Structure formats: structure tokens, C-alpha cells
Amino acid sequence: MTTFAWEHIHLRSPDPAATAAWYEKMLGAEIIRTPQPDGATRIDLILGGTQKVFIAPANPALRTASPPDAPYFGLEHIGLKVGDIDAAVAELKAKGVPFTLEPTTVRPGVRIAFLRAPENVSIELIQRG
């Protein structure tokens, strides 16, 4: 049986540099800029210590669809683990991050909250234990 391992998330943005700056400021992501042979700069993030997030520019010559409203079929959100969800939410709100779900206990020992990132990306914060 083939073994699969997490590799990356790919985001599309009209302004990859601004999107990357948001993830750096709000979530502590590390921005990696790699010069490309065509003179462009590829922008990637390291989020959560090991997860790669590729941020690609949207082609201005092509029409792009608006992000769907949740819930919908397909990849709906990404989840980030935190040790203290109340402190994390307070810190992010102080930075101006909008939340779509306040910290909520979904079952004993599991609390979640949802925030909205650029390009309508939904991010779940989860505290277990």
C-alpha cells in the first residue's frame, strides 16, 4: 500500500505578497521568497512549523470565481492546533482578525473557533485536552 504524507496547501491570491504578510503578522508564518528564472518571486509560507503553503498569483487575464460560502463540498477549511484557544483568539482579535465562530466546546476536551483569512480562507483553531 502506498504511504501518503502531507506536502502543501496551495492558495491563489491577487496579491501574494500582501497575503503572505497577513499570515506572517497574524499567525507567525515564515515567508520564503524564491527568485524564479522569469524574474518573478515565488512566495511560500511555513505555517505551524512544518506545513508548506504556496501562494500563487491569480492570472489577471483569467476570470476567477468568488470563494464559496461554507458549508460546501470540497476542501472547506484548514485547522491549526493551539494550546490556549482563548488566548489565541484574544491575540488575533487585538490584531483585527475577524472570527466567524467564537471559541466553542464541541465535546469534552475539544474547543474550536473559526477565523477568516484573506481570499475568504476559513481557518479553524482547535484546542484538545
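Here r is the Cβ-Cβ distance between Lys93 and Ala40 and R0 is 25 Å; the resulting FRET efficiency, rounded to 0.05, is 0.10. With both partners inside the range 8-59, how many of the DSSP beta bridges are antiparallel, as a percent to the nearest 5? DSSP beta bridges in the range 8-59 are roughly 65 percent antiparallel.
Among Trp6, Trp22, the order by Cβ neighbours within 10 angstrom, fewest to most, reads Trp6, Trp22. A simple rule links phi to the HN-Hα coupling: the Karplus curve 6.51 cos²θ - 1.76 cosθ + 1.60 with θ = phi - 60°, which for the range 109-123 gives x, 10, 10, 9, 8, 10, 10, 10, 9, x, 6, 6, 6, 9, 10 Hz, with x for Gly and Pro. The charge dipole of the chain, taken about its Cα centre with unit charges on the Cβ of Lys, Arg, Asp and Glu (plus for the first two, minus for the last two), comes to roughly 80 debye. Taking all C-alpha pairs of the range 8-59, those more than 17 Å from each other amount to 28 percent.
Computed from Cα positions, the angle between helix 85-94 and the longest principal axis of the chain comes to roughly 50 degrees. Values of log10 I(q)/I(0) for the chain across q = 0.13, 0.14, 0.18, 0.22 Å⁻¹ run -0.62, -0.71, -1.11, -1.44, by the Debye formula with one identical scatterer at each alpha carbon and no solvent.
Take every DSSP beta bridge whose two residues both sit in the chain; close to 70 percent of them are antiparallel.
For Thr100, the residues 5 or more places off, or on other chains, whose built amide H falls under 5 Å of its own are Phe114, Leu115, Arg116. Given R0 = 30 Å, the distance between the Cβ atoms of Asp84 and Asp15 translates into a calculated FRET efficiency of 0.40. Principal-axis analysis of the Cα atoms of the chain puts helix 16-27 at an angle of about 20° to the longest axis.
Distant-in-sequence amide contacts of Ala29, defined by a placed amide H-H separation under 5 Å and a gap of 5 or more residues or a different chain, comprise Glu24. Here the label points at Asp69 and Asn120, each 7 Å from Cα along the C-beta direction, are separated by 1.0 nm in the simple model. Averaging the Cα positions of each part gives two centres, and for the range 4-36 and the range 54-77 these lie 15 Å apart. Think of it as helices only: each DSSP H run of n ≥ 4 in the chain is worth -39500 (n - 2.57), and spread over all residues that comes to -5000 deg cm²/dmol at 222 nm.
Placing one equal scatterer on every Cα of the range 69-129 and applying the Debye formula, the log10 ratio I(q)/I(0) at q = 0.16, 0.19, 0.30 Å⁻¹ is -0.49, -0.68, -1.34. Between Ile9 and Lys52, Val53, Phe54, the built amide H atoms are under 5 Å apart, and every one of these is 5 or more places off in sequence or on another chain.
Quick note: the coordinates plus some simple rules give every number you see, no bench work behind them. All figures in this text were calculated on a predicted structure; none of them were measured in a lab. Cβ sites come from the backbone with ideal geometry, for glycine too, and all protein chains shown count toward neighbours.
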